[in-house]
1. So which lysines pass the test for Lys228, namely a Cα distance under 19 Å, with those fewer than 8 places away in the same chain ruled out?
2. So what's the Cα pair-distance distribution over the stretch 222-316, bin width 5 Å, in %?
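The numbers here are math on the coordinates, done by the rules we state, and not lab data. Fair warning: this is a prediction, and the values are worked out from it, not measured in the lab.
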Amino acid sequence: MLSLVAFPIAAYLTSAAGQAVPYYNPRLTGGSMLTFQNEPINIIVSALSSPEALTDRGLVNYGNALGYGDDCLGIHLGGPQAANLGDGNSWVNQTQMMREDYGSTPIGTCLETLIGGNHYRVFRQNGTLANSGALFLAASKEDPITEQHNIVPDGYNVGRDQVVSEATSGVVSFSGVDYTTTVEWVTGLLPPGVEGEGNGINHNISIDGRTAVFTITASTVDSGINCKGSSLCGTLSVASCDAAKAKIVNTTIYRTDGDAPATGVCSGHCGLFVQGTNCRYDGYTMVEAYDEIRAGSCQKCGSKRYLDGCEITMNYVSSC
């Protein structure tokens, strides 16, 4: 859902003792809404969002739901940027970089590195001077590697607006979590600047001075555990299933969409895998589902089913 009302900045600066606030204005306590490299921080994830969306892993999962992933093969080309959010931590490097994921392979974000696209850097406001817990994002759209990853014309506004469009397109889901996002547009945090007039923005690119404030509501779409499986489940050893679980890579996306290079893992004849149409789960969620299946009444085989029709299943497989 999208609100086009510009909210007064003062509403976000003070709160009664002990009450949560969406964020603190970094500029009031010596910070900046520009990174050290002078790129605008143009999105804020409000600290009033669901707690699940504010953790490091939760924000990655949210980014996955929007179509973003970690740096290509975990490799970041170019140095990290730093931000001073006025929280007493001074200049701190980004905690995450999320790149547009072009989809069909586990290296989808590598294509963003090669051909360009959208990306955003994440900074957390958590110092003792202004400990809101809000997340500050610097979004932009960049050229391909052949153009040294320069920002495209109007790339800061364009990059922010693309993330806003993706976030407010309706309910988005990943790894069994549904997300709904509302956005409020705030002026006064970033100064508008016109290209060619020395506006202090990296690459001297124009910005409109608007900041998008997200409030994210997360809900788990979980419909429980069943113990269904092959008639050969009785022949499985618990050790084989535990060995399959040990093969799960937390940061790998196991998926059934596209050409799906990895739907799961197996050891011996015990498989742990994703089932359903266009389903995507990270390794963390696969491990959690395995533990829940084993902690329930299922002896060996079973599934954790989600309301979107996807399942994470432990079952007998004929070969591994």
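1. Hits, sequence-local ones excluded: Lys245, Lys300, Lys304.
2. 3, 16, 27, 28, 18, 8, 1
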